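Take a look at the structure below.
The values are calculated or read from the model by the stated rules, or taken from the named source; none is laboratory data. Just so it is clear, the model here is predicted, and its values are computed rather than measured. Here the Cβ positions follow ideal geometry from the backbone for every residue, glycine too, while neighbour counts run over all protein chains shown. Note: accessible area is taken over every heavy atom of the protein model, side chains too, but ligands, DNA and RNA are not part of it. Shrake-Rupley method; radii C 1.70, N 1.55, O 1.52, S 1.80 Å.
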Amino acid sequence: MIFGTRTPEDVDVNALGERGFVISGATASSLAGVGDMNGDGLADIALADPFDSQKTWVVYGKRDTASIDLNHLGAGGFTITGPYVGIGLAGVRDVNGDGLADLAVSMGIDRGGVAVVFGSRASHPVDSNALGADGFTIANAGYPVGPAGDLNRDGLADLAVHSRNGISIVFGQRGSADADVTASHFHGFTIAGTSGPATAAGDVNGDGRPDLLVASPYVSNGGPGTGTLYLFSLDTRPPRLRARVIARAHRVTVMAMCSEPCTVNATAGKASTQRVYLARPGRRARLQLDTTAHVVTIRAADDAGNVSTTRVSTRR
């Protein structure tokens, strides 16, 4: 690890001195900068040996130059274990909104998909096959992976993964529910016909919406040996939601309609309805709640994860 400096000068990796520190203990075939995963204000790094030791190591940033042995990390980081874990690595910013950077670890599309490991202020080993509260798994996804920014503008970082049909965007979430990019309504969307890599591009065209850069190296666009680079300016406007409420005794009936295909559900107090998918614009959902609450909240999410919410009084 070589520290940055304001003075340009050559570096001898065999005699780093105050210019950095050495990491030993394994041969890493992939590595990535991952941001600050433990909240100490210093950037961290990830290294992986997916084939021999089948481990990924997160090494915390530090101010001293003492060498680090990956076999004895201690409080200097943590280890992620699992079959072929770390074929691909990517820092994906803050996916779950806890203020800490997170890490996406690919195990291969046929070997478990992608594990998203949450940052944590407490250092402890992580098993990619049993993440629990440490993160979530994305099935039928593989390498490459990359940060996608906040495409649905919900305040959570999204990530891009390779899937069987193209590049899939998986939206961030505050929980640890597993995802499957082949499911009919997973929390995200797929850009068919692309093969990646993909990365957040900022707001390239100045329309106030985040853009996405996606490469397809095997799609020729100008002759042999050429690929194609796509810049997507995504529409992240929420669907228009119309709803009315009919309240009778202890039962509330909600009639909801969207401007585009969407999934709707309603809550009132402690009661909630099942999610209903409306495949066509203008089609109505009939939702029923057994409640005496005076306000019903109706939520609609389109296929891209854009959300509209409205609150309706049950009082006449």
### Task
Provide the FRET efficiency to the nearest 0.05 for the Phe21-His185 pair, computing r from the beta carbons and using R0 = 45 Å.
0.45
### Task
Give me Rg over Rh for the stretch 1-115, both radii from the alpha carbons and Rh done the Kirkwood way, two decimal places.
0.99
### Message
I'd like to check one number: the per residue accessible area of the stretch 114-259, probe 1.4 Å, reported in Å² as a whole number.
### Response
48
#### Entry: For the stretch 21-33, Karplus couplings with θ = phi - 60° (6.51, -1.76, 1.60), whole Hz, Gly/Pro x
8, 9, 10, 10, x, 6, 9, 8, 9, 8, 7, 7, x
## Note on the structure
When the chain is treated as a Gaussian network with springs between alpha carbons less than 10 Å apart, the largest mean-square fluctuation among Leu151, Leu213, Leu16 is found at Leu16
### Task
Return the ratio Rg/(2.2 N^0.38 Å) for the stretch 148-217, where Rg is computed over Cα atoms only.
1.10
#### Entry: the stretch 249-295: antiparallel DSSP beta bridges as a percent of all, rounded to 5
100
### Dipole axis of the stretch 254-305 (+1 Lys, Arg; -1 Asp, Glu on Cβ), positive-most option in Ser259, Ala300, Ala285
Ala285
### Query
Is the stretch 93-192 rounded, prolate or oblate when judged by the Cα gyration tensor, a ≥ b ≥ c being the square roots of its eigenvalues, rounded requiring a/c under 1.5 and prolate requiring a/b larger than b/c?
oblate
#### Entry: Choice from Met107, Met37, Met257 showing the highest fluctuation, given a GNM over the chain with Cα pairs closer than 10 Å
Met257
### Message
Springs between alpha-carbon pairs under 10 angstrom, Gaussian network model over the chain: which of Ala243, Ala141, Ala115 fluctuates most?
### Response
Ala243
### Task
Using the Cα centre as the reference, give the magnitude of the dipole from point charges on the C-beta atoms of the stretch 1-78 (Lys, Arg: +1; Asp, Glu: -1; all else neutral), rounded to the nearest 20 debye.
120
### Task
Starting from the Cα-Cα distance between Ala66 and Asp127, subtract it from 0.36 nm times their residue separation and give me the gain in nm to one decimal.
19.2 nm
## Note on the structure
Quick shape summary for the chain, equivalent ellipsoid via Cα gyration tensor, semi-axes whole Å in descending order, reads 43, 23, 18
#### Entry: Where only C-alpha atoms are counted, convex hull volume of the stretch 189-316 per residue in Å³
133
### Message
Testing the spin-label approximation: label points 7 Å from Cα along Cα→Cβ at Ser313 and Arg251. State their distance in nm.
### Response
2.5
